[in-house]
Amino acid sequence: MPASQNGVEGSSERPTASYELRILDPKRIKLFRTGGVTRLTLQDECTYLRIIAARAFPLSDPDHYIGFLDGAGKDIGILVDPSHLDPESRQILDEELEKRYFVPVVERVISVKEEYGAVYWRVETDRGEKEFVVRNLRDNIQELSSTRLLITDVDGNRFEFPDINRLDAKSLGIIMRNL
């Protein structure tokens, strides 16, 4: 009898994915950098030579539930509350998350131009003046609340509009047409 997809002869059952969530103990974690690469050591276990830190809930709870992946993108585990890390590890984690979740906040729209389905923005942000292009605005706007938006440009950069009601009429009109 041929083996089925789950490797059991004669079985027609589909394999079920199983996943065990691993909660990491902050007292056992040490983050450090070697040659600009962030590494993670789990005390009495192992060292991961390259890690990626990501928020599980980047918008609703950015200060808790930090996931760690190894260099191959495989799960290491989740840290529930990073405030319990040692100060050096906490600093490194904060820097890694800041790089990953860099999102300038738009404070003022200087100009907006729409051409052939692309919208060209020139804005003043909390990080200075920026220019960016958005194609398919409808697909690249994320409503975080009724007045708060996140717009992703053609390069994957994100820009936060904390209160669209504070935008000029032309900019607000473009956004409202595409929601």
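Please determine whether any residue of the range 141-154 is assigned to a loop (DSSP other than H, G, I, E, B) and among the small types (G, A, S).
First pass over the range 141-154, keeping only residues assigned to a loop (DSSP other than H, G, I, E, B): 144-148, 153-154.
The next check asks that each one be among the small types (G, A, S); those that pass are 145-146.
Looking for residues that are assigned to a loop (DSSP other than H, G, I, E, B) and among the small types (G, A, S), one finds at least one in the range 141-154, hence yes.
Regarding S89, is this residue surrounded by 16 or more Cβ atoms within 10 Å (Cβ to Cβ) and among the small types (G, A, S)? It is true that S89 is surrounded by 16 or more Cβ atoms within 10 Å (Cβ to Cβ) and among the small types (G, A, S). When P26, P62 are checked against the criterion of being surrounded by 12 or more Cβ atoms within 10 Å (Cβ to Cβ), under 14 Å from L93 (Cβ atoms) and in contact (Cβ under 8 Å) with a residue 40 or more places away in the chain, P26 stands alone in meeting it. For the range 144-166, a residue qualifies if it is loosely packed, with under 12 Cβ neighbours inside 10 Å and in contact with a strand residue (DSSP E or B) (Cβ under 8 Å, 6 or more places away or on another chain), and exactly one does: D155.
Can G71 be described as free of Cβ contacts under 8 Å to residues at least 40 places away in the same chain and touching a strand residue (DSSP E or B) at 6+ places or on another chain (Cβ under 9 Å)? So that I can check it myself, show each step before the final result.
On the way: free of Cβ contacts under 8 Å to residues at least 40 places away in the same chain: yes; touching a strand residue (DSSP E or B) at 6+ places or on another chain (Cβ under 9 Å): yes.
Judged against the criteria, G71 is a match.
Quick check on my filter: what residues within the range 155-171 are under 14 Å from the mean Cα position of the chain (by Cα) and either part of a loop (DSSP other than H, G, I, E, B) or outside the structural domain of D126 (by TED's automatic domain parsing) (or both)? Show your work before the answer.
Pass one, the range 155-171, residues under 14 Å from the mean Cα position of the chain (by Cα): 156-160.
The answer is G156, N157.
The values are calculated or read from the model by the stated rules, or taken from the named source; none is laboratory data. Note that the coordinates shown come from a computational prediction; the quantities given were computed from them, not determined experimentally. Cβ: placed from backbone, ideal geometry, glycine included. Neighbour counts: every protein chain shown.
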